[in-house]
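Scroll down for the structure; my scribbles are underneath it.
The values are calculated or read from the model by the stated rules, or taken from the named source; none is laboratory data. Note that the structure is predicted; figures quoted are calculated from it, not measured. Quick reminder, even Gly has a Cβ in these numbers, built from the backbone with ideal geometry, and neighbours come from all protein chains shown. For the accessible areas, the whole protein counts, side chains as well, though only heavy atoms, and no ligand, DNA or RNA atoms are used. Shrake-Rupley method; radii C 1.70, N 1.55, O 1.52, S 1.80 Å.
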There are 2 protein chains.
Amino acid sequence: MSRSNRRIILASRPVGIPQARHFELTTAELPALADGELLVENVYLSVDPAQRGYVNDEDNYAPPVAVGAVMRALAIGRVAESQHDAYPVGDYLYGWFGWQERCVCRPDAVLRRVDPRQASLSAAAGLLGINGLTAWMALHDIGRPRSGETVVISAAAGAVGALAGQLAHLAGCRVVAVVGSDDKGRRCVADYRYDAYLDYHQHIGDGLRRVCPEGVDVYFDNVGGDIADGVIRQMNRDGRVIQCGTISIPCWVPPPQGPRNEREILTRRLRMQGFVIFDHAARYDAVAAELAALAASGKLRCDEDIEQGLERAPQALVDVYAGRNTGKKLIQLPL
Amino acid sequence: MSRSNRRIILASRPVGIPQARHFELTTAELPALADGELLVENVYLSVDPAQRGYVNDEDNYAPPVAVGAVMRALAIGRVAESQHDAYPVGDYLYGWFGWQERCVCRPDAVLRRVDPRQASLSAAAGLLGINGLTAWMALHDIGRPRSGETVVISAAAGAVGALAGQLAHLAGCRVVAVVGSDDKGRRCVADYRYDAYLDYHQHIGDGLRRVCPEGVDVYFDNVGGDIADGVIRQMNRDGRVIQCGTISIPCWVPPPQGPRNEREILTRRLRMQGFVIFDHAARYDAVAAELAALAASGKLRCDEDIEQGLERAPQALVDVYAGRNTGKKLIQLPL
């Protein structure tokens with residue numbers, strides 16, 4: 001087998017949301033495997049809003065990708081060579097394999113083993129990957145939705161939001177989508193079991209009062225910013241805010257300003273909490289099994305937006321930030 | 001007994017922090033007691049930062065005091081006449097008796113019965129009143145301090161902060177005071193078991209890095225604003241922020257701006273929660289008993305700053321906002 005490996009590297013460091021020009025397609029030779037290492041051939045590359053945080057030079061939950069290094073990304077791959085007994089050739093894995101054709105790594109790069117009988121291979125990167133796991137754990141751990149409550153979800157048609165909406169519906173809640181277009185809103189109601197939607201180009205406060213006449217009990221926040229400010233001001237006493245993403249804030253340098261929320265948190269007795277899926281590895285398999293069962297029984301739908309070819313990855317990330325994806329964005333590589 | 005009653009009424013509605021000119025001392029006749037009513041003679045009037053919220057025309061946890069009405073305030077009083085079997089003459093009570101000499105009310109105005117054997121009468125309004133109850137419940141329920149953690153408390157020498165600092169010390173934490181003067185800081189360390197203090201006129205970030213070299217695990221926030229922004233940016237992963245007060249924000253109209261905290265909440269996995277003592281009435285007596293026992297055994301000190309005479313109440317509130325009190329501010333009335 002050729003040891004030549006095509007990969008997308010970070011060519012320069014973006015401030016804020018990365019653009020296609022910040023990346024470059026290069027080729028490098030794969031090293032020989034050392035003891036304990038694996039060679040993984042990628043099948044699906046994941047494209048995630050969190051990747052902005054991997055390349056910005058800001059404190060985050062992991063150090064930034066170095067300029068010149070392969071772009072950090074989750075992927076589904078197949079073990080092609082192995083120097084580790086626990087990972088035989090032919091096994092499928094979900095892990096930090098990067099935006100590249102193949103990856104030499106150690107087992108600490110693996111998030112989950114993929115069982116192709118549990119669901120489609122691609123589902124392992126979305127429904128059963130960080131998106132589904134985040135939707136389930138953040139909603140239940142922090143949101144604690146109770147039947148009859150109103151749950152508002154921003155980026156409601158996104159890879160996390162679309163699943164969170166369906167899970168909140170299954171919990172017996174009235175679920176309201178905040179989206180950027182009527183088209184996405186209609187999709188939320190038709191496909192993801194939302195009860196209503198609000199286009200955030202409208203006035204959030206007036207719009208929410210109309211679609212949430214009984215106020216908001218849980219806000220699953222994927223966006224932050226003005227939308228979050230508006231939702232928080234419609235929350236009921238003892239409401240919960242899941243801080244899961246900040247995709248509406250293009251750049252954190254210089255620090256963006258907004259209305260102070262201390263008084264809202266105090267007088268409404270809100271509980272606001274940050275959620276990062278990578279803290280919860282011990283529960284991945286259990287929650288993935290639950291998600292797979294819901295999907296198999298037709299109770300949970302997960303749309304995927306799959307493009308072909310490694311070279312498409314940078315633009316796909318730009319498209320995700322612009323909200324142009326219609327489901328979990330993946331890049332499929334030829335096996 | 002004369003039915004003439006001196007009282008402080010709200011003379012005009014302040015925007016932001018009330019000043020003495022917003023109040024007026026007037027006299028009115030007390031009505032005769034209806035069935036089920038009590039006449040309470042006030043002994044100590046409470047002066048609390050929360051009273052700003054009672055007079056501002058903003059959404060809050062209670063409707064605002066009407067212009068011309070007696071200023072809403074907690075007080076310790078003695079039942080002087082009773083048309084209710086459960087509240088005999090001579091009993092002491094803690095409740096919403098207002099800034100006035102005497103109050104005709106129903107039992108729903110009562111927060112707690114006062115047992116003069118449990119502690120001094122005045123302690124029932126501070127140590128065993130909303131200040132002590134808030135310090136204990138907010139620290140333990142939301143802060144959940146663990147031995148060895150670092151707890152930062154703002155308004156650290158105030159009626160809540162001074163008690164919260166000692167309770168955090170008793171929980172085995174390193175406790176750091178944020179105060180407005182060296183004098184208060186020294187008092188925090190000498191009297192309230194704080195390990196260190198920081199004057200907020202310094203740069204909060206630099207100062208906290210120096211006095212909290214291992215970061216901050218729990219922030220007991222009584223002030224909001226710039227101080228809170230600075231502390232939040234020094235917090236450790238999984239930190240807890242108790243949103244207990246916002247005394248540093250003079251006015252909420254127009255909405256004050258500040259740096260957005262979404263990213264801090266997310267990447268540090270903070271849990272931020274609002275606390276209002278009036279939600280927890282069912283636990284008042286149990287927690288008060290615990291506080292009284294700590295005080296009786298010398299483990300908890302509560303300073304009081306007592307002035308004489310009803311007419312002093314408005315200026316006393318102004319002084320509390322200016323940080324000129326040295327302990328729980330009370331107004332004593334002649335019995």
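Taking the criterion of being touching a residue at least 60 places away in the same chain (Cβ under 8 Å), out of contact with any His (no Cβ under 6 Å at 6 or more places or on another chain) and over 27 Å from residue A:254 (Cα atoms), would at least one residue in segment A:54-69 satisfy it? Checked segment A:54-69: no residue is touching a residue at least 60 places away in the same chain (Cβ under 8 Å), out of contact with any His (no Cβ under 6 Å at 6 or more places or on another chain) and over 27 Å from residue A:254 (Cα atoms).
Going by the conditions given, is residue A:14 modelled with pLDDT under 95, out of contact with any Pro (no Cβ under 8 Å at 6 or more places or on another chain) and open to solvent by less than 30 Å² (accessible area, probe 1.4 Å)?
For residue A:14, the condition - modelled with pLDDT under 95, out of contact with any Pro (no Cβ under 8 Å at 6 or more places or on another chain) and open to solvent by less than 30 Å² (accessible area, probe 1.4 Å) - is met.
Within segment A:319-328, does at least one residue satisfy the condition of being more than 11 Å from every other protein chain (Cβ to nearest Cβ), among the basic types (Lys, Arg) and open to solvent by less than 10 Å² (accessible area, probe 1.4 Å)? Yes: one or more hits.
Of the strands (runs of 3 or more DSSP E) contained entirely in segment A:1-109, those carrying at least 2 residues that are of a type in the set (A, V, I, L, M) fall at A:4-10, A:23-29, A:38-46, A:75-82. Go through the residues of segment A:93-108 one by one and say whether even a single one is under 21 Å from residue A:7 (Cβ atoms), open to solvent by 30 Å² or more (accessible area, probe 1.4 Å), in contact (Cβ under 8 Å) with a residue 12 or more places away in the chain and of a type in the set (A, V, I, L, M, F, W, C). Yes, segment A:93-108 contains at least one residue that is under 21 Å from residue A:7 (Cβ atoms), open to solvent by 30 Å² or more (accessible area, probe 1.4 Å), in contact (Cβ under 8 Å) with a residue 12 or more places away in the chain and of a type in the set (A, V, I, L, M, F, W, C).
If you go through segment B:134-169 and pick out every residue that is touching a residue at least 60 places away in the same chain (Cβ under 8 Å) and either at positive phi or not assigned by TED's automatic domain parsing to the domain that holds residue B:271 (or both), you end up with 2. With respect to the conditions (1) more than 8 Å from chain B (Cβ to nearest Cβ); (2) under 23 Å from residue B:271 (Cβ atoms), residue A:228 falls short on a single one, namely (1). Here residue B:255 meets the list (1) more than 8 Å from chain A (Cβ to nearest Cβ); (2) open to solvent by 10 Å² or more (accessible area, probe 1.4 Å) almost entirely, failing just condition (1). Being modelled with pLDDT of 95 or more and more than 30 Å from residue B:308 (Cα to Cα) is a condition met by no residue of segment B:123-136. If the condition is being in contact with a Phe, Trp or Tyr (Cβ under 8 Å, 6 or more places away or on another chain), open to solvent by 40 Å² or more (accessible area, probe 1.4 Å) and either of a type in the set (A, V, I, L, M) or closer than 19 Å to residue A:224 by Cβ (or both), then segment A:158-199 contributes A:184, A:189.
In segment A:303-318, is there at least one residue being facing chain B (nearest Cβ under 8 Å) and either surrounded by 21 or more Cβ atoms within 10 Å (Cβ to Cβ) or in contact with an Asp or Glu (Cβ under 6 Å, 6 or more places away or on another chain) (or both)? Checked segment A:303-318: no residue is facing chain B (nearest Cβ under 8 Å) and either surrounded by 21 or more Cβ atoms within 10 Å (Cβ to Cβ) or in contact with an Asp or Glu (Cβ under 6 Å, 6 or more places away or on another chain) (or both). Selection of segment A:279-335 for residues being modelled with pLDDT under 95 and in contact with a Lys or Arg (Cβ under 6 Å, 6 or more places away or on another chain) yields only A:320.
Filter segment A:17-42 for residues that are out of contact with any His (no Cβ under 7 Å at 6 or more places or on another chain) and open to solvent by less than 10 Å² (accessible area, probe 1.4 Å); which is nearest to residue A:76 (Cα to Cα)? Of everything passing the filter in segment A:17-42, A:42 is nearest to residue A:76 (Cα to Cα).
The residues in segment B:124-157 that are assigned to a helix (DSSP H, G or I), in contact with a helix residue (DSSP H, G or I) (Cβ under 7 Å, 6 or more places away or on another chain), open to solvent by less than 20 Å² (accessible area, probe 1.4 Å) and not hydroxyl-bearing (Ser, Thr, Tyr) can be counted, and the count is 7.
Number of residues in segment B:272-289 that are more than 18 Å from the chain's Cα centre (by Cα) and open to solvent by 30 Å² or more (accessible area, probe 1.4 Å): the value is 3. Annotation: of all residues in segment B:43-84 being touching a Cys at 6+ places or on another chain (Cβ under 9 Å) and away from every other protein chain (no Cβ under 14 Å), the one that is most open to solvent (accessible area, probe 1.4 Å) is B:70. Each residue in segment A:238-251 was checked for being under 10 Å from residue A:16 (Cα atoms) and open to solvent by 30 Å² or more (accessible area, probe 1.4 Å), and 2 pass. The residues in segment A:233-260 that are in contact with a strand residue (DSSP E or B) (Cβ under 9 Å, 6 or more places away or on another chain) and under 18 Å from residue A:161 (Cα atoms) can be counted, and the count is 9.
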